[in-house]
1. Considering only DSSP beta bridges where both residues belong to the chain, give the percentage that are antiparallel (nearest 5).
2. If you look at just the Cα atoms of region 220-267, how large are its Rg and its Dmax in Å?
3. Taking a quarter of the surface of the convex hull around the Cα atoms of region 302-364, what do you get in nm²?
4. Rounded to the nearest whole Å³, what is the per residue volume of the convex hull around the Cα atoms of region 167-267?
5. Which residue, 103, 420, 85, has the most motion in a Gaussian network model of the chain that connects Cα atoms within less than 10 Å?
6. Pick from 328, 424, 211: which is most flexible by mean-square fluctuation in a GNM of the chain where alpha carbon atoms under 10 Å apart are linked?
7. Compute the orientation-averaged projected area for region 381-444 from the convex hull of its Cα atoms and round it to one decimal in nm².
8. For the chain, with all protein chains present and a 1.4 Å probe, just round the carbon and sulfur fraction of the accessible area to a whole percent.
Amino acid sequence: MMRTTFASMLAMAMVALPLAACGGGGTATGGVPTSKGGAAGGAAGNNEPAELVFYGAAGNTEAEFNARWGDYIRKQFPNYTLKYIMNEKGKTLPELIAAGETIDIIFDSIGGTASNLIDNGFQYDITELAKKHSVDLNRFEPTFIDAIKQMGGLYGLPVNGGGLVIYYNKDIFDKFGAPYPKDGMSWEELLELSKKVTRMDGGKQYAGFATSVVHPMRMNPFSLDVVDRKTLTAAIGNEKWKTLLQTVMIQPIVQDDGYRQLFTQKKGGLWTDDFAKQQNLAMFMMNFGLQYAVKEFETLNWDMTAIPTFKDRPGVGTQPYPNYFYITSASKAKDAAMNVLKYVTSDEHETIESKKGNIPVLKNEEIKKVFGQETIYKGKNMKNAVYYNKFAEPHAKTVYDDKVAGPLDANIKKVIYGEIDLNTAFRNAEQEANKAIEEMKAARKK
């Protein structure tokens, strides 16, 4: 889920705010920040000049990169020369590799890791490098570290978190006299609440709740694999998958004929525009970060809550969806690159990130306390929406996961349209996905 996916990554487009003081002290000039923001010298110091090329696989502009990291890195490491390349037409990773461009650090989401990092042979386990630079991995939210380790190694460090939240339109709830959603709801409670705000009024059809198939698939609270890593076949043929999509995707729609007709008219989806512009959607489950990317949020009467939980997974919410700085196997400046990773995950810089409303990656409660405090949305329920539930354990991801997403999405929509039943949908999706995986395997061998 990259930049184009409902703007979750566009949370990083916020204008950088002035460097703020934080607990634990600042960094000494010419020193490398320790885990608490102090200075450390020695063999891993930053006195030697270095050139580092950053690649923004998530498609962020150079201005966005500089606002979040580039300007701070240059100030911290004045002897480093930074170059940033944005993922766009003519500058994809295969094109840059063919042109002989050396890339030192890749910025990417966990979802892009298999195709962008591993598929291009860029993976490099930084475990020993992290030890050399005295990086304390225990400072990080463990699921953020686990998410990358399950890809085969510690290929980088998380720089901000991500995950699903419930956005809701207060005006729609007020209009129909319904209570607002709240943290700690079960899915049964949300579905009942959805009924109360799903209705036709004044010639306008309102929908209670919507999400996609892909987002809860990738961040599912059951930690279900999408593709079996051993057999490299679709792993969706079980009852947990059916329960998940029946609950979060199908049931909110099919319980109301007017909503089903609207869904059909919309050609299979209610999205950000329905929530923020058309304002005919009461609740929208999507990646945290829409509020920074969609201008209508500035005037919309909205708030957010944690996602509901299933009875057999009490207190467990979304899987994490972090973004990482990956040091590539091709880098000739790995120590300098590690200095950068250590700095951007220091208490000092993570406090800056947290204040700007980017989900911090550290366990430090003081850093979480200031989450979003330098944004125009500091009064919203952002911290609870992100942290009320525990993160689900990350499932094992493969480069073939996307080959399952399309068939599953198409067949779930057929269930909503009334064309097939749920069992048929999953059977068809599995067959179609396995065919697509085989085709991808064959193409990769050429």
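1. Values: 25 of 40 bridges.
Beta bridges within the chain, antiparallel portion: roughly 60 percent.
2. 14.4, 44
3. Values: hull surface 28.0 nm².
Mean shadow area of the hull around the Cα atoms is 7.0 nm².
4. Values: hull volume 11.6 nm³, N = 101.
Per residue, the Cα convex hull of region 167-267 comes to 115 Å³.
5. Residue with maximal mean-square fluctuation among 103, 420, 85: 420.
6. In the Gaussian network model the winner is 424.
7. Numbers: hull surface 27.3 nm².
If you wrap the Cα atoms of region 381-444 in a convex hull and average its projections, you get 6.8 nm².
8. Numbers: 8620 of 17710 Å².
Answer for the chain is 49 percent, counting heavy atoms of protein chains only.
The values are calculated or read from the model by the stated rules, or taken from the named source; none is laboratory data. Bear in mind that the values here come from a model prediction, so they are computed numbers and not experimental data. Keep in mind that these areas ignore ligands, DNA and RNA; they rest on the heavy atoms of the full protein, side chains included. Shrake-Rupley method; radii C 1.70, N 1.55, O 1.52, S 1.80 Å.
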